[in-house]
1. Working only within region 201-218, note down all residues that are of a type in the set (A, V, I, L, M, F, W, C) and modelled with pLDDT of 90 or more.
2. Can you name every one of the helices (runs of 4 or more DSSP H) wholly within region 63-181 that holds 1 or more residues which are over 30 Å from Gly26 (Cα atoms) and modelled with pLDDT under 50?
3. Take region 41-64 and flag every residue that is touching a Lys or Arg at 6+ places or on another chain (Cβ under 9 Å) and crowded, with 17+ Cβ neighbours inside 10 Å.
4. Kindly indicate whether Ser33 is open to solvent by less than 10 Å² (accessible area, probe 1.4 Å), out of contact with any Lys or Arg (no Cβ under 8 Å at 6 or more places or on another chain) and of a type in the set (Ser, Thr, Tyr).
5. State all residues of region 158-180 that are open to solvent by 60 Å² or more (accessible area, probe 1.4 Å) and under 19 Å from His2 (Cβ atoms); if no residue qualifies, say none.
6. Looking only at region 188-200, decide whether some residue is in contact with a Leu (Cβ under 7 Å, 6 or more places away or on another chain), under 30 Å from Gly19 (Cβ atoms), at pLDDT 80 or above and open to solvent by less than 60 Å² (accessible area, probe 1.4 Å).
7. Taking region 299-321 as the region of interest, how many residues are more than 22 Å from Ala182 (Cα to Cα) and surrounded by 15 or more Cβ atoms within 10 Å (Cβ to Cβ)?
8. Listed residues Gln290, Gln296; which is open to solvent by 70 Å² or more (accessible area, probe 1.4 Å), in contact with a helix residue (DSSP H, G or I) (Cβ under 6 Å, 6 or more places away or on another chain) and in contact (Cβ under 8 Å) with a residue 12 or more places away in the chain?
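The values are calculated or read from the model by the stated rules, or taken from the named source; none is laboratory data. The shown structure was predicted, so the numbers you read here are calculated from the model rather than taken from an experiment. Glycine also receives a Cβ, built like all others from the backbone with ideal geometry; neighbour counts cover every protein chain displayed. Areas reflect the complete protein model, heavy atoms only, side chains present, ligands, DNA and RNA absent. Shrake-Rupley method; radii C 1.70, N 1.55, O 1.52, S 1.80 Å.
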Amino acid sequence: MHTVWFLLLPGFPLVDVSGMLAVFEGANALRHSGAEVAGYAVRLISIEGRAVCSSSGVLLAAQVLPHRLEGNANSLVIAGGPQAGSEPAGTSDVQRLQGWFSNNLQHLVRCAAVDVDALALAPTSAPARQRANPVSPSWLALKARRSDWIAASPVSPRWRLIKAGQGTDLALSWLEADQGSAFADTLAERLPEPRSRRYGPMRYRSSLIDQPAPDPRVAMLHAWIAAHLHEKLDVARLAQRFPMSTRSFTRLYSRATGLTPAHGVQQIRLDTACRLIEAGTRPLKTIAAQCGYSSQEVMRRTFLRVLGMTPREYRQHHMIPRSEPDASR
């Protein structure tokens with residue numbers, strides 16, 4: 001069993017911590033589905049063992065910092081630091097943390113710091129100016145001198161610095177190192193939205209198609225739209241399907257979906273384009289025309305705006321091998 005320790009400091013980024021927790025929980029569930037025992041234990045810790053306030057104001061309960069780690073199957077994530085803490089730590093807390101790192105570094109397989117303020121507390125081979133005063137007196141002093149720490153080289157290549165928002169990708173990279181790329185890619189597909197350059201977003205699916213509206217008229221309209229994307233689909237034509245005035249139709253549609261009719265068409269158009277791209281090697285220009293985009297470039301801009309990748313990149317991530325059935329259909 002590998003233990004992942006999250007050292008929570010005041011102002012830690014909740015999105016990163018919750019995203020990483022979801023990754024390791026999902027990894028255990030995936031192993032369990034394959035009749036394997038759970039591979040990861042997750043522990044939230046803090047200096048005093050009290051709840052810690054995140055950057056968004058949410059408190060997370062945490063255990064007290066353990067005196068000594070056991071074995072060599074441990075990973076550490078430092079989250080939070082001098083930048084946002086409303087309750088600055090004193091000299092004794094800083095000394096305790098850096099002493100703890102020195103005593104337990106040999107038990108850590110890998111370590112990561114979320115943003116530079118967390119890295120300021122990691123042990124480094126500091127430059128001469130920092131070595132002369134190795135323990136800063138407070139969070140504020142650490143923040144003021146963090147450039148010294150960043151410039152220094154970490155004691156071990158086990159240390160990684162990530163920016164806020166990259167926590168999920170970091171956790172997936174650790175899983176890939178432990179379990180292989182196939183395991184990490186499978187898990188990435190099951191996560192809500194692991195958007196990153198390495199693992200990309202999940203296959204895009206519009207809830208308008210995957211979760212039909214309770215009103216059967218609206219559900220039938222969505223199916224009709226998907227079959228007529230290459231045609232002109234303005235509000236007046238959609239309203240004729242009911243039939244009712246454009247104003248009445250727009251109100252009904254917004255109540256049923258939370259979207260305007262135009263946004264509904266856009267979602268279904270993108271959904272269809274993604275399914276066609278995944279399904280084979282049909283030219284992107286042909287797919288753009290079939291889905292009602294005025295040009296391939298318009299489709300490309302839509303993919304970049306909504307998914308953060310081009311249609312070609314989406315195909316590289318998500319094209320379905322011929323032996324793999326499309327379970328999403």
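1. Hit for region 201-218 is Val218, nothing else.
2. 128-131, 139-144, 146-151
3. Listed by number, the residues that qualify are Ile47, Ala62.
4. No.
5. Arg158, Arg160, Ala177, Asp178, Gln179, listed by residue number.
6. Yes: region 188-200 contains one or more residues that are in contact with a Leu (Cβ under 7 Å, 6 or more places away or on another chain), under 30 Å from Gly19 (Cβ atoms), at pLDDT 80 or above and open to solvent by less than 60 Å² (accessible area, probe 1.4 Å).
7. Final tally of qualifying residues: 7.
8. Testing whether each residue is open to solvent by 70 Å² or more (accessible area, probe 1.4 Å), in contact with a helix residue (DSSP H, G or I) (Cβ under 6 Å, 6 or more places away or on another chain) and in contact (Cβ under 8 Å) with a residue 12 or more places away in the chain leaves just Gln296.
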